[in-house]
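A.B. asks: Below is a structure I'd like to ask you about.
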Amino acid sequence: MMHIFLNCLAASAGGGLTYLRNVLPPLSARDAVRITVAASSSLQQEFRDLPNIGWADLEPHRGAALRFWQEQAILPRLIRQCGADVLISAGNFALWRSPIPQILLSGNSLYTSPDFYRDLRSRKDYRLWLDTRVKGIFAKQSVGWADRTVAPSRAFADELRRWAGGRVIPIHHGFNCETFCESGTGLPAPTQQKLDSAPHALRLLFVSHYNYYRNFETLFQAIPLVQERLQGRRVVLFLTCKLRSEENPGSFRAEPAAALVQRLGIAQQVVELGAIPYHLLHHVYRACDVYVTPAYAETFAHPLVEAMASGLPVVAADLPVHREVCGEAALYFQRFSPQELAEHVLHLEASCDLRKTLVERGRSRAHEFSWEKHVDELLGLAARLTQDSSPKYRATA
């Protein structure tokens with residue numbers, strides 16, 4: 001039986017938490033695997049009923065710097081005590097001196113994105129610029145500290161190799177269509193009323209909390225361009241966030257984006273649904289006509305797969321990772337061009353044949369992603385590392 005130590009101390013929200021919720025159940029169901037997890041007490045409560053999982057006695061610090069020190073100073077001792085065979089480090093940072101072979105899960109494209117740093121300078125957000133630079137130094141070192149680094153897409157794996165070198169391999173994140181669409185409960189009444197408020201409009205959807213790298217501003221600038229060429233039909237954009245800083249994670253300032261909506265005169269066409277629980281998201285997708293994403297930095301982009309599985313045609317910024325995920329099931333535009341974005345939306349609105357083709361391709365493409373397959377590949381990599389572990393690990397065993 002292979003014993004895996006899974007370091008999830010950094011998983012508290014967003015993609016890290018979503019990843020755990022999808023990976024821990026199939027991992028725990030494998031008969032030949034035993035798992036010890038370092039995670040917060042709240043996560044322990046959420047997953048307490050899963051079999052084959054033990055929990056390290058360690059509560060994570062809230063601050064990133066203190067948590068990084070905690071991992072480097074305390075985790076090696078806990079790993080030795082539990083007798084694990086392989087360490088999987090989630091959250092972009094690895095142990096400097098792991099006592100056992102280590103797999104790093106790297107999934108933050110902001111450290112490698114010139115667009116993000118330029119964006120921060122243009123916004124004069126020098127504090128976030130410095131914070132990202134410092135974290136990027138340790139993230140880059142972590143690729144060298146790990147025996148293998150796993151990226152969620154080939155495009156991001158290539159980016160990491162160019163940036164940090166090291167042994168980086170892609171293992172696609174998964175998707176479970178049945179689980180995603182299984183909820184029989186409806187949306188809360190206020191949310192459903194907002195979706196029903198524009199029954200004859202061309203309804204666009206963008207699923208994201210507000211941040212800079214999802215490039216909301218380009219999307220907002222495209223709305224009046226679409227509207228002026230629609231003949232007698234409104235265009236409405238639904239957002240799964242609110243354009244107020246305090247209602248979004250991180251330190252991103254949403255107020256300038258809200259002010260842009262007002263200046264463009266599209267306040268009645270941008271509908272802020274707010275955060276939607278994951279198990280209800282499929283209702284939102286199915287209430288809309290086109291999924292759009294202008295993001296300029298991504299590592300996998302789960303909403304693209306969710307949109308394709310829900311039968312929405314996709315218009316996406318032309319990033320290598322977007323092309324990798326969607327293939328021929330999307331239309332692509334230059335990531336900072338509201339004009340190209342608007343042209344593609346109008347093309348879809350005018351062509352039923354194109355829309356039908358993209359929907360069919362998208363449904364087929366979405367079924368190519370599987371969390372079971374992801375877990376199989378991750379466990380296969382872990383098994384190879386235990387068999388080929390270098391003398392430095394055997395000497396400290």
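Table: residues versus (1) surrounded by fewer than 21 Cβ atoms within 10 Å (Cβ to Cβ); (2) part of a helix (DSSP H, G or I); (3) among the hydroxyl-bearing types (Ser, Thr, Tyr); (4) in the same structural domain as Val143 (by TED's automatic domain parsing).
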{"site": "Gln81", "(1), (2), (3), (4)": "yes, yes, no, yes"}
{"site": "Gly91", "(1), (2), (3), (4)": "no, no, no, yes"}
{"site": "Ala94", "(1), (2), (3), (4)": "no, no, no, yes"}
{"site": "Ser98", "(1), (2), (3), (4)": "no, no, yes, yes"}
{"site": "Leu104", "(1), (2), (3), (4)": "no, no, no, yes"}
{"site": "Leu120", "(1), (2), (3), (4)": "no, yes, no, yes"}
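A.B. asks: Considering every residue within the range 240-251, establish whether at least one is of a type outside the set (Phe, Trp, Tyr) and more than 27 Å from Ser122 (Cα to Cα).
C.D. replies: Among the residues of the range 240-251, not one is of a type outside the set (Phe, Trp, Tyr) and more than 27 Å from Ser122 (Cα to Cα), which makes the answer no.
A.B. asks: Another question, then. Give the residues of the range 172-212 that are of a type in the set (Ser, Thr, Tyr) and part of a helix (DSSP H, G or I), sorted by residue number.
C.D. replies: Once the filter is applied, which keeps residues that are of a type in the set (Ser, Thr, Tyr) and part of a helix (DSSP H, G or I), the range 172-212 yields Thr179, Thr191.
A.B. asks: Now for a different question. Please identify the pairs in which a residue from the range 332-357 that is in contact (Cβ under 8 Å) with a residue 40 or more places away in the chain has its Cβ atom under 7 Å from the Cβ atom of a residue that is in a helix (DSSP H, G or I) and aromatic (Phe, Trp, Tyr), counting only partners at least 6 apart or on another chain.
C.D. replies: none
A.B. asks: Just to be sure, is Arg127 surrounded by 15 or more Cβ atoms within 10 Å (Cβ to Cβ) and touching a residue at least 60 places away in the same chain (Cβ under 8 Å)?
C.D. replies: no
A.B. asks: Here's a follow-up. Please specify each residue of the range 158-170 satisfying the condition of being within 20 Å of the chain's Cα centre (by Cα), assigned to a helix (DSSP H, G or I) and crowded, with 19+ Cβ neighbours inside 10 Å.
C.D. replies: Glu159, Leu160, listed by residue number.
The values are calculated or read from the model by the stated rules, or taken from the named source; none is laboratory data. Computed from a predicted model, the values in this text were never measured in an experiment. Glycine also receives a Cβ, built like all others from the backbone with ideal geometry; neighbour counts cover every protein chain displayed.
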